[in-house]
Amino acid sequence: MLQKYEKSHTVLMARLYIIMSFTIMSVNNTLFKHSKASVFQIANERAIIMIVINTLFYPGSLYLPTQYKALLYQGIAFAVSNPLFFLGIRRLTLAEGVIISQTNTIWSQFLAVCILNEKLKKSTLIEIGLSMFGIYLITKPPIDGFNNSPEHLMGCLLALGSSIFQALSFVTIKLLDGKDGKVHPIVIGQYFQVPLAIISAFCYIYFPYTKIYNIHHLFSISGMVICTYSYTFLQYKAMQMVSFSQLAPFTFVIVIDSLLQDLIVFQNIPSLSSIIGGLIIISSMFLAIYSK
């Protein structure tokens, strides 16, 4: 029944799947921000759990394709991006962190020029300029009088760093030349989880923290594992059905979800300058999508 409906309403169903995917991703971010455990503890434990599950239920995730270097590069870049984002949203509102991290759409175009030798478009420079101005408005002392702090500025820089590394991950995956056919998303995920487990373990050595083990932590970790598998599956399914250009505008649902969860869960009301900065960044991302 569902497959029949997918065939007759392919674009509609693909868009519905991508909206569901980014809504679940937003829930995952909320679970993380709400957790009292260290960023590195959560990253390490979630990575190890997912490596074990992937290995048990999909043994093929351990194989080395001929293009393993490209997979490894994208995995390391994403493994760096992930903790940076979560360190960022611990210092920001959820919506601020998500809006800044979503600029990966723009940075991926810029990095494609450097890595893939694609042509630099004037529109890309405009998009980067608009994004940086939007981020400046979010980081500056808000025009409604709210007192900013160095911690808030650090959060913005961490979220921006996360966005750039995430864009690097997207670009390096394009180095796959197709010799191995379509690489299964669980294989791609495994090449991300293994570096993440190693990086987060080393961070514990250099940045010691008190580990937390209680019912709340168990609920958070379990929820994040379920969310990660769910949104990854839905994204993969949607992208198999239609081109990404038909889905890209609907990924911004995560910004709306994050704003709602900020208000409902964390009782955070965004400042006026953050709202203006966010709207400018979203406008630049729409420009990036439609200028391709």
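The values are calculated or read from the model by the stated rules, or taken from the named source; none is laboratory data. Model, not experiment: these values are computed from the prediction. Counting neighbours? That spans all protein chains shown, and the Cβs are built from the backbone with ideal geometry, glycine included. The protein model used for the area step is the full one, side chains on, heavy atoms only, and it has no ligands, DNA or RNA in it. Shrake-Rupley method; radii C 1.70, N 1.55, O 1.52, S 1.80 Å.
Would you pick out the residues in the range 61-79 that are open to solvent by less than 40 Å² (accessible area, probe 1.4 Å), in contact with a Ser or Thr (Cβ under 7 Å, 6 or more places away or on another chain) and modelled with pLDDT of 65 or more? Once the filter is applied, which keeps residues that are open to solvent by less than 40 Å² (accessible area, probe 1.4 Å), in contact with a Ser or Thr (Cβ under 7 Å, 6 or more places away or on another chain) and modelled with pLDDT of 65 or more, the range 61-79 yields 70, 74, 77. Return a yes/no flag: does the range 85-99 have any residue that is open to solvent by 10 Å² or more (accessible area, probe 1.4 Å), among the β-branched types (Val, Ile, Thr) and within 18 Å of residue 189 (Cα to Cα). No, the range 85-99 contains no residue that is open to solvent by 10 Å² or more (accessible area, probe 1.4 Å), among the β-branched types (Val, Ile, Thr) and within 18 Å of residue 189 (Cα to Cα). Restricting attention to the range 196-215 and to residues that are surrounded by 13 or more Cβ atoms within 10 Å (Cβ to Cβ) and in a helix (DSSP H, G or I), the residue that is modelled with the lowest pLDDT turns out to be 204.
Here's the yes/no breakdown for (1) part of a helix (DSSP H, G or I); (2) surrounded by fewer than 21 Cβ atoms within 10 Å (Cβ to Cβ); (3) not basic (Lys, Arg):
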| site | (1), (2), (3) |
| --- | --- |
| 13 | yes, yes, yes |
| 18 | yes, no, yes |
| 24 | yes, no, yes |
| 32 | yes, no, yes |
| 40 | yes, no, yes |
| 46 | yes, no, no |
| 53 | yes, yes, yes |
